[in-house]
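Here is the structure we will look at.
None of the figures in this text is laboratory data; all of them are computed from the coordinates on show. Values in this document were obtained by computation on a predicted structure and should not be read as measured data. Cβ sites come from the backbone with ideal geometry, for glycine too, and all protein chains shown count toward neighbours.
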Amino acid sequence: MSWPVPLVPAGDGPMFQRIARAIVDDVGRGRLVAAQRLPGSRVLADALGVHRNTVLAALAELEAQGWIVTRPARGTFVADTLPEITPPRGAAARRRSGGVGFPLPIEPRLELRVTGEVARGELHLSAGVPDPRLFPVDALARAWRRAVRRDGRRLLTYASPEGHPALRGALADMMRSIRGMACVADDVLITRGSQMAIDLCARGLLAPGDRVAVEALGYRPAWDALRLAGAVLVPVAVDGGGLDVAALGRLAARRGLRAVYLTSHHQYPTTVTLGAARRLELATLARRHRLLVLEDDYDHEFHYEGRSVPPLAAADVGGHVVYLGTLSKILAPGLRLGFVIAPPPVIARLAALRAAMDRQGDRPMEAAVAELIEDGELERHVRRMRTTYLARRDALVAHLRARLGSALAFDVPRGGISLWTRVAPDLDTARWLAACAARGVHVSPGSRYTFAGDDPGAFRLVFAPLTLPELDRATAVMAAELPVRRRR
Ligand SMILES: Cc1ncc(COP(=O)(O)O)c(C=O)c1O
């Protein structure tokens, strides 16, 4: 019996009325909700220490007033539609304060408002996620069962906050062989997505007031985490070659900098790769100013033309780069698996912080994913996805050129899962995207990526999670909504 504990007969008068009033009060407080089943009269009588007839009288009174209904052979339930409730004294004031009975501190200013679920039939070119329909469900489910059957005792209890040793080892191997990094298992901390990794780095490696350079067109969730730790963010321009490292150098020399957060491989959201000269320049700057370089390499494997460029971390001899990775793009964001690669003293510091917040990760899932990596399944999946996403990129490019050639101008992305396009200046982009959204095609406005929240005259189209027919439909809607939306 989940209710009534404790039901206190309320007020004066005959006992049956006091019981009835107590039940109404519990409905008013929300301890009993519409359609909830009530315990039987015998159970209630025992719990209250009264005769069963007293309870039956209380229930009859409540039924007459419309608070409860009796369904033959099924029991007694709180009514689906309740009579008007006069709120108990104080409840109205509590509702005005949103039900919070203590002073809330000033709300931190956060940029990211998490978007909800994707509704059926809607097409989102806004969500930077892989296609969940292509997720290797069976392989992962098999690996999960195998791992828990074999190692359940160790997987289902408390363990170290750094993450499962098998996954730390498997990721280190993968980073060495695919991304050219010199790392071992001890250099890896498993996190719940790179978001936790950024948060841990912000709180564990920076002091409040530290100045941190970020890309002026960039990733707001990272800015949120950095700001929450007290960092003062300084935007640095991004151009066709990625972060403007010369501007970063001037900033470091002039105003002092503690760190830089950047997406060097596929700049977010433009997808351009930081060139070799800028990489060297950045390494020199890091040495000269003793900078912490937070390198967010979120979708490394999805590179379509030529070889992917090794991370900054692969060439880092001075110990400046803390590398942030994620499985959100190569597997799925819902798994919440990310990782940090850094020297062991940094890993130990971040792991201690993590333990205070989240104790440890999802051990069974970490073990299962380690298996997927060890038996080559993840690599095969990535290869399949690369081919699929390449076809989707090409389809999007072809549709945009054919249908929106006069409105949009873009370079074909060499990597990543999205395309960044400039918009003709005579277009009212906000109205255009609103019209598309009304027809179920969603595109994020470019202002979502700018540091100042202004319109950069460009937007991002994510192609990875949409099939070829879906890309066809989405771009057809965009084209159909275009002509009537031209500014005069
Ligand atoms: C720049 C960037 N970093 C990291 C991530 C991944 O975040 P997480 O690992 O927390 O899912 C994303 C995903 O959208 C991203 O765009």
Practice problem: Return one number: the angle in degrees, 0 to 90 and rounded to the nearest 10, between the long axis of the Cα atoms of helix 363-374 and the longest principal axis of the Cα atoms of the chain. | Solution: 30
Quiz prompt | Whether the stretch 272-321 is rounded, prolate or oblate, judged on the alpha carbon gyration tensor where a/c under 1.5 counts as rounded | solution = prolate
Quiz item: Near Asp80, within a Cβ-to-Cβ distance under 13 Å, what is the net charge of the other residues, with Lys and Arg +1 and Asp and Glu -1?
Solution: +2
Quiz item: If one computes the Cα centroid of the stretch 160-198 and of the stretch 27-86, what distance in Å separates the two points?
Solution: 56
Quiz prompt | the chain: angle of helix 52-65 to the longest principal axis, Cα-based, in degrees nearest 10 | solution = 70
Quiz item: If one computes the Cα centroid of the stretch 396-436 and of the stretch 366-384, what distance in Å separates the two points?
Solution: 35
Quiz item: Under a point spin-label approximation (7 Å from Cα along Cα-to-Cβ), what is the Leu156-Asp12 distance to one decimal in nm?
Solution: 5.8
Quiz prompt | Efficiency of FRET from Cβ geometry, Arg29 and Asp426, R₀ 41 Å, rounded to 0.05 | solution = 0.10
Quiz item: Semi-axes, largest first, in whole Å: what does sqrt of 5 times each Cα gyration tensor eigenvalue give for the stretch 135-378?
Solution: 31, 20, 15
Quiz item: Using mean Cβ contacts within 10 Å as the protection proxy, how do 132-143, 155-166 order, highest first?
Solution: 155-166, 132-143
Quiz item: Is the shape of the stretch 226-291 best called rounded, prolate or oblate, per the rule: a/c under 1.5 gives rounded, else a/b larger than b/c gives prolate, else oblate, with a ≥ b ≥ c the square roots of the Cα gyration tensor eigenvalues?
Solution: oblate
Quiz item: Just the Cα atoms of the chain, one point each, no solvent: what log10 I(q)/I(0) does Debye give at q = 0.06, 0.11, 0.13, 0.14 Å⁻¹?
Solution: -0.41, -0.97, -1.15, -1.26
Quiz prompt | Amide proton proximity set for Leu419, modelled H, under 5 Å, gap of 5+ | solution = Leu461, Val462, Phe463
Quiz item: Once a ≥ b ≥ c are taken as the square roots of the eigenvalues of the Cα gyration tensor of the stretch 303-344, is the result rounded (a/c under 1.5), prolate (a/b larger than b/c) or oblate (a/b not larger than b/c)?
Solution: oblate
Self-check item: Estimated vicinal HN-Hα couplings, Hz - the stretch 347-359 in sequence order (Karplus 6.51, -1.76, 1.60; Gly, Pro = x)
Solution: 4, 4, 5, 5, 5, 5, 5, 4, 4, 6, 9, 9, 6
Practice problem: For the stretch 256-315 and the stretch 228-250, write down the distance between their C-alpha centroids in whole Å. | Solution: 12
Quiz item: Mind listing the Cα extents of the stretch 15-96 along all three principal axes, in Å, largest one first?
Solution: 40, 25, 19
Quiz item: Just how large is the dipole of the stretch 135-378 about the Cα centre, in debye to the nearest 20, putting +1 at every Lys and Arg Cβ and -1 at every Asp and Glu Cβ?
Solution: 700
Quiz item: What are the ³J(HN,Hα) values, in whole Hz, obtained from phi via the Karplus relation 6.51 cos²θ - 1.76 cosθ + 1.60 with θ = phi - 60°, for each residue of the stretch 333-346 in sequence order, with x given for Gly and Pro?
Solution: x, x, 6, 6, 10, x, 7, 10, 10, 7, x, x, x, 5
Quiz prompt | For Val232, residues with placed amide H under 5 Å, excluding near neighbours | solution = Gly209, Asp210, Arg211, Val212
Practice problem: Mind giving me the nanometre distance, one decimal, between the label points for Asp472 and Ala434, set 7 Å out from Cα along Cα→Cβ? | Solution: 3.2
Exercise. Could you work out the per residue convex hull volume over the alpha carbons of the stretch 396-457, in cubic angstrom?
Key: 103
Self-check item: Among 188-195, 416-423, the order from most to least packed when residues are scored by Cβ within 10 Å on average
Solution: 188-195, 416-423
Exercise. Compare the Cα positions of Pro208, Leu396, Ala480 along the charge dipole of the chain (+1 at Cβ of Lys, Arg; -1 at Cβ of Asp, Glu; about the Cα centre) and return the one farthest towards the positive end.
Key: Pro208
Practice problem: Would you mind checking the tilt of helix 137-155 against the longest principal axis of the Cα atoms of the chain, expressed as 0 to 90 degrees and rounded to 10? | Solution: 70
Quiz item: Rounded to the nearest 5, what is the percent of antiparallel bridges among the DSSP beta bridges in the chain?
Solution: 60
Quiz prompt | Sites Gln36 and Arg359, calculated FRET efficiency, Cβ-Cβ separation with R0 35 Å, nearest 0.05 | solution = 0.55
Quiz item: Amide H of Ile68: which non-local residues (sequence gap of 5 or more, or other chain) have their own amide H closer than 5 Å, using H built in the peptide plane?
Solution: Glu63, Ala79
Practice problem: Output ³J(HN,Hα) for the stretch 16-31: one whole-Hz value per residue in order, computed from phi by the Karplus curve 6.51 cos²θ - 1.76 cosθ + 1.60 with θ = phi - 60°, and x for Gly and Pro. | Solution: 4, 6, 5, 5, 4, 5, 4, 5, 4, 4, 5, 5, x, 7, x, 6
